[in-house]
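Just so it is clear, none of the values below were taken in a lab; they were calculated from the coordinates. Just so it is clear, the structure is predicted and the values come from calculations on it, not from any experiment. Using ideal geometry, Cβ is built from the backbone for each residue, glycine included, and neighbour counts are taken over all protein chains shown.
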Amino acid sequence: MKICAVELRSNEAIICLLTKENGLFDIPECRSQKFIMQDMLDNEQMRKFQATFAKLLEDYQVDRVVIRTRETRGKFAGSAIGFKLEAAIQLIDGVEVDFMTNQEIKQKMKRNPLGIEFRATGLRQFQEAAFTTGYAYLC
């Protein structure tokens, strides 16, 4: 199974592709690590984001998207544009989308700790939350 794990932060969708076969994890190369929305009020920008994201999922034959949920209120609440990006991803035809809360991720990581340090994955530091979301989902 190949997944695209997503962390939505402000006006960015940070992604990490992961696969798990026969108990082994793999992080395939990907042409993009994040998508940035410049103008959240521009319908054309939103359509472009959705089409670009859909094309990436198609090109890399992704089976499922997993989004790390954000709080709706309080200090760590997600931004309005983040929720719009989430909706744009959910509305891509033929794409299955699941969500994981921070609590679910912490529980799975506790039961299935990483066998290596994050730095050894070859991913960029800003992708760590997306990676742990995908790793926890596949465990």
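In nm, to one decimal, how far is the modelled label at MET109 from the one at GLN45, with both set 7 Å along Cα→Cβ?
It is 3.1 nm.
Only loop residues by DSSP count here, and only those with at most 11 other Cβ atoms within 10 Å; note down the GluC sites (Glu not before Pro) in the range 90-125 that meet that. Provide the component values of the computation, followed by the final result.
Details: sites: GLU96, GLU104, GLU117; in loops: GLU117.
Answer by residue number: GLU117.
Contact order normalised by length for the range 1-126, with contacts defined as Cα pairs under 8 Å and 6 or more residues apart; what percent is it? Each step should come with its number before you reach the end.
Working: 160 pairs, mean separation 33.5, N = 126.
RCO, the range 1-126: 27 percent.
For the pair LYS55/GLN33, report the inter-label distance in nm, with labels modelled 7 Å from Cα in the Cβ direction.
Computed distance between label sites LYS55 and GLN33 equals 2.2 nm.
Using a Gaussian network for the chain with springs between C-alpha atoms less than 10 Å apart, which of these wobbles most: ASP42, ASP63, ASP26?
Top of the fluctuation ranking is ASP42.
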